[in-house]
Structures are given as structure tokens and as C-alpha cells.
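First comes the structure, then the notes that go with it.
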Amino acid sequence: MGIERTFVAIKPDGVQRGLIGEILSRFERKGFKLVALKQVTPSRELAEKHYGVHRERPFFSGLVDFITSGPVVAMVWEGEGVISSARKLIGATKPLESEPGTIRGDLAVNIGRNVIHGSDGAETAKFEISLWFDSSEINDWIPADLVWRVES
Ligand code: IDP
Ligand code: MG
């Protein structure tokens, strides 16, 4: 599987509801490495590119209105298998169908207010990381406790 990077964003509802720390801690505790983090209120242009695959869907304009309505916490997480693992931590798109123990399963009820975004595959992750971050904002660093995280 190898070391991957994925894009994760706490949506405006998660920020407004005070869930930033709760969500960050789940990724930290799992053992993934945070390599980029910023708070940004996305422009319409950024939001439309980010959700470009949904352009024809009936919920598109409402989704763009929502995601541009306030600050988002944008992140890049790194680790082995992080792309699919982050999707598992996040849970299914419809929060009422997300398993308990997942972020959406524990913290949300409404599909249009489902708290968090995570890239759905390797190509999407690459696209979304470069859409939201300049390469100078991404930090390569070695955790001091690396020896306790990976097998030698
Ligand atoms: P994902 O966030 O789990 O990858 P997608 O199908 O990619 O889910 O949809 C992107 C986002 O669009 C969802 O997280 C949700 O906020 C919103 N969305 C998806 N389907 C609907 C819908 O039927 N009504 C309202 N919002 C929706
Ligand atoms: Mg998606």
C-alpha cells in the first residue's frame, strides 16, 4: 500500500459546532501524520473546482453556498493507506447510515451537514491537495516517536 497523502477538510458546520479538536484528535490518535493545516473560507471558484464532479447534481449550488459560508479547516494527512483509512474514519456520506464510531456516525445526522470531507482515491487526493495547498505549505517532518509507530 505504501505511504500516501490525503486531503481532509472540516466543513463550516464542523468549525461552527466546535468539533475541530475532536476531529483532529481522531486522526492523530489513529497514528497519521499531519503535514499541512490551515483555516480558510473558500472562494466560490475553489469550491466549484473542489466539487466539480458534482456540477450536474441538484444539490450542487447549495453545496457550494454551504462550503463557502464560513471557515473550513483544510488538512493534509500522511501515512500508510491513509486515503482509504481516512474514508473509514469519516464514515458513509449519509450520516444516518454511517457506522457509530465514525466521525459522521458519531457527530452528524444530515447529509448536507456531514461535518467533514476526505479524498475518495489517489487521483482525487493529488488533485485536491494541489487545489487547496501550495507545495510550500506542506511540511515534511519525522515524528520523534517514529520508532514506536512502524515495524523495523
Ligand atoms: P463524500 O463527501 O462522502 O465523498 P459525495 O457523494 O462526494 O460524498 O458528495 C459530496 C458532498 O455533497 C457530501 O459530503 C454532502 O455534503 C453533499 N451531498 C451529497 N449528496 C447529497 C444530497 O443528496 N443532498 C445534499 N447534499 C449532498
Ligand atoms: Mg466525495
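None of the figures in this text is laboratory data; all of them are computed from the coordinates on show. Just so you know, these numbers come straight off a predicted model, no measurement behind them. Using ideal geometry, Cβ is built from the backbone for each residue, glycine included, and neighbour counts are taken over all protein chains shown.
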Notebook entry, point to check: Put +1 on the Cβ of each Lys and Arg and -1 on the Cβ of each Asp and Glu in the chain; which of Thr68, Ala9, Leu131 then has its Cα farthest toward the positive end of the dipole?
Noted result: Thr68
Item checked: Calculated diffusion of the chain, Stokes-Einstein form, Kirkwood radius summed over Cα pairs, 20 °C and 1.002 mPa s, µm²/s -> 135 µm²/s
Checklist line | J(HN,Hα) series, the stretch 95-111, from Karplus relation 6.51 cos²θ - 1.76 cosθ + 1.60, nearest Hz, glycine and proline x | finding: x, 6, 9, 6, 5, x, x, 8, 4, 5, x, 8, 10, 9, 10, 10, 4
Check: Are there chymotrypsin sites (Phe, Trp or Tyr not before Pro) in the stretch 1-66 that DSSP marks as loop and that have at most 13 other Cβ atoms within 10 Å, and which are they?
Finding: Phe59
Notebook entry, point to check: So how do His50, His117 line up by other beta-carbon neighbours within 10 Å, fewest first?
Noted result: His117, His50
Note to self: To make sure I understand the rule: partners must be aspartates and glutamates, Cα under 18 Å from the Cα of Lys94, and not fewer than 8 residues away in the same chain. Which ones qualify?
What the structure shows: Asp13, Asp106, Asp120
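Using only helices, what value at 222 nm comes out for the chain when you add -39,500 (n - 2.57) per DSSP H run of length 4 or more and divide by the total residues, to the nearest 500 deg cm²/dmol?
It lands at -10000 deg cm²/dmol.
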Check: Tell me, Val115, Val8, Val150, Val73 in order of fewest to most beta-carbon neighbours within 10 Å?
Finding: Val150, Val73, Val115, Val8
Next item on the list: Quick one: work out the % antiparallel among DSSP beta bridges in the chain, nearest 5.
Entry: 95 percent
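Considering only DSSP states other than H, G, I, E and B, which GluC sites (Glu not before Pro) in the stretch 1-88 qualify as loop sites with at most 11 other Cβ atoms within 10 Å?
Glu56
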Check: So what's the convex hull volume per residue for the Cα atoms of the stretch 86-152, in Å³?
Finding: 148 Å³
Next item on the list: Would you mind telling me which residue in Ser98, Ser135, Ser119 has the biggest mean-square fluctuation in a Gaussian network model of the chain, where springs connect alpha carbons within a distance under 10 angstrom?
Entry: Ser135
